[in-house]
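The next block holds one structure in the form of structure tokens; read it before the comments.
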Amino acid sequence: MKFGVLVFPGSNCDHDTHHAIGAVAGVPVTYLWHESHDLEGCDAVLVPGGFAYGDYLRTGAIARFAPIMQSVRRFADSGGMVMGICNGFQILCEAGLLPGALMRNAGQRYVCRHLHLRVESIASPFTGGLARGQVLQMPIGHMEGNYFCDAQTLATLKRDDRIAFRYATAAGEVTAEANPNGSLENIAGILSAGRNVLGMMPHPDRSSEALLGSADGLLLFQAMARSLAAA
């Protein structure tokens, strides 16, 4: 199997993600340049955090038109596994691969800290092997992480078990105080209708080794690898 990490001008977590997959998880991984159409036979694609194209227009709004994203769309539509982390989540929403949008944080300030999130859905290749209600510790670092969608979309996400993670306390309680950005119903990550695309604001790439304060993010990458190995 092989993972691919997209690289846009302004990506700043591409190397973190590459390291977590290759050096820590021990899975072959390559970089995929934004101007290319070639996914190079990758079995999973990761859209990393950062500021793609400087986020000059709106987070993810320019990156959605990158040549590589045309290939990512076809890959996802065919059932390929795609994970978007932070700016990657914003890009996937802008590209229509996930519903809803990421708005400015409710406090109008950049937030960068470790927090807890509760596993809401285990029915995905990203969360297989985890337990529903399990609490993970990961960092965030964003200005536009306030997830929003309309009432009908929210009802669909809840009905179809497509809310992957919610911001929570260390004890797993979903509270207003645990919400760092005003995200609707504390949503920290969602799944596509096919369950093969995940978008999340917390950084599993920055929490893949104990040295970083938590290795919980590695659990997601390992789940992806297990899913591909079993396919």
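Read-outs throughout are calculated quantities, based only on the coordinates presented, and are distinct from any laboratory measurement. As the structure is a prediction and not an experimental result, all values here were calculated from the model. Every residue, glycine among them, receives a Cβ derived from its backbone with ideal geometry; neighbour counts consider all protein chains shown.
Classify segment 73-166 from the C-alpha gyration tensor, please: rounded if a/c falls under 1.5, else prolate or oblate depending on whether a/b exceeds b/c. Verdict is rounded for segment 73-166. Computed over neighbours whose Cβ is under 14 Å from that of Cys13, the net charge equals -3, Lys and Arg +1, Asp and Glu -1. Charge tally for Pro125 (other residues, Cβ to Cβ under 12 Å; Lys, Arg +1; Asp, Glu -1): +1. Extending 7 Å from Cα along the Cβ direction at Val135 and again at Asp77 yields two label points whose distance is 4.3 nm.
In this structure, the amide hydrogen of Ser11, modeled 1.01 Å from its nitrogen in the peptide plane, lies closer than 5 angstrom to those of Phe51, Tyr53, counting only residues at least 5 positions away or on a different chain. At q = 0.20 Å⁻¹, what log₁₀ I(q)/I(0) does a Debye calculation on the Cα points of segment 32-120 give, no solvent, two decimals? For segment 32-120, the Cα-only Debye profile gives -0.99.
Other residues with beta-carbon under 14 Å from the beta-carbon of Thr59 carry, at +1 per Lys or Arg and -1 per Asp or Glu, a net charge of 0.
A convex hull fitted to the Cα coordinates of the chain yields 108 cubic angstrom per residue. Amide H contacts under 5 Å for Asn146: Met103, Asn105, restricted to partners 5 or more places along the chain or on a different chain, H placed in the peptide plane at 1.01 Å from N. The label point for Ala151 and the one for Arg109, both projected 7 Å from the Cα toward the Cβ, are 3.3 nm apart. Neighbour counts of C-beta atoms inside 10 Å place Ile140, Ile122, Ile163, Ile85 in the sequence Ile122, Ile163, Ile140, Ile85, starting with the fewest. Under 5 Å between amide hydrogens, built in the peptide plane, is the criterion, and for Leu98 it picks out Cys93 among residues at least 5 positions away or on other chains.
Would you work out the relative contact order for segment 3-230, in percent, from Cα pairs under 8 angstrom that are 6 or more residues apart? Walk me through the numbers on the way to the answer.
Working: 540 pairs, mean separation 45.8, N = 228.
Normalised by residue count, the contact order of segment 3-230 is 20 percent.
Using a cutoff of 8 angstrom between alpha carbon atoms and counting only pairs six or more residues apart, the relative contact order for segment 86-219 works out to 29 percent. Peptide packing for 48-56, 71-79 was compared via the average number of neighbouring C-beta atoms within 10 Å per residue; ordered from the highest value, the list is 48-56, 71-79.
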